[in-house]
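Participant: Next up is a structure, given as structure tokens.
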Amino acid sequence: LGDELVKATGGDIKLTGYAILWASAFLSAIIDNIPFVATMIPLMKSMTPSLGGAEAVYPLWWCLSLGACLGGNGTLIGASANLTVAGIGDRNGVPFRFITYSLYAFPMMLLSVAICHVYVWWRYF
């Protein structure tokens, strides 16, 4: 999969980074972000030689970290902490519903990832 991503982005480190940032955000919103990152580590390592070595892919690790972390905020099931807070809220008479949470959280997640996109561009590319 790492080789396919490199092919799809033409080996352009910027494009690869942005693809990882946004894909990580969307995928972490629908699956828990911790197992997602654990699954992505071998993929990231497999791309390292094709993209110029460990120093060259340093920004990609930040893209993965920022995308997965902030993407987990997009839905109730995106991060374990979201479910914990929902459980505490329910026990205290403040129900959290998936759709209601997502309607508020998903746009905020998009905004925060867009800010990270600009930051990664400014800092690394």
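The values are calculated or read from the model by the stated rules, or taken from the named source; none is laboratory data. This one's a predicted model, so the numbers in the text were calculated from it and none came from an experiment. Don't worry about glycine lacking a Cβ; one is built from the backbone with ideal geometry, like all the others, and counts go over all protein chains shown.
Participant: Which numbered condition in (1) within 13 Å of the chain's Cα centre (by Cα); (2) aliphatic (A, V, I, L, M); (3) surrounded by fewer than 20 Cβ atoms within 10 Å (Cβ to Cβ) is the only one that Ile77 fails?
Facilitator: Of (1) within 13 Å of the chain's Cα centre (by Cα); (2) aliphatic (A, V, I, L, M); (3) surrounded by fewer than 20 Cβ atoms within 10 Å (Cβ to Cβ), only one is false for Ile77: (1).
Participant: If I go through the stretch 1-12 residue by residue, how many of them are in a helix (DSSP H, G or I), surrounded by 18 or more Cβ atoms within 10 Å (Cβ to Cβ) and of a type outside the set (Gly, Ala, Ser)?
Facilitator: 2
Participant: Something else: Step by step: first the residues of the stretch 81-94, then only those that are of a type outside the set (Val, Ile, Thr) and surrounded by 10 or more Cβ atoms within 10 Å (Cβ to Cβ), then the one that is farthest from the chain's Cα centre (by Cα). Which residue is that? Even if it seems obvious, please write down each step before you answer.
Facilitator: Of the stretch 81-94, the ones of a type outside the set (Val, Ile, Thr) are 81-83, 86-87, 89-93.
Applying the additional criterion that residues be surrounded by 10 or more Cβ atoms within 10 Å (Cβ to Cβ) yields 81-83, 86-87, 89-90.
Values: Ala81: 16, Asn82: 16, Leu83: 18, Ala86: 21, Gly87: 24, Gly89: 26, Asp90: 28 Å.
It comes out as Asp90.
Participant: Just checking: which of the helices (runs of 4 or more DSSP H) contained wholly in the stretch 15-125 hold 2 or more residues that are modelled with pLDDT under 95 and within 19 Å of Glu4 (Cα to Cα)?
Facilitator: In the stretch 15-125, the matching helices (runs of 4 or more DSSP H) lie at 33-47.
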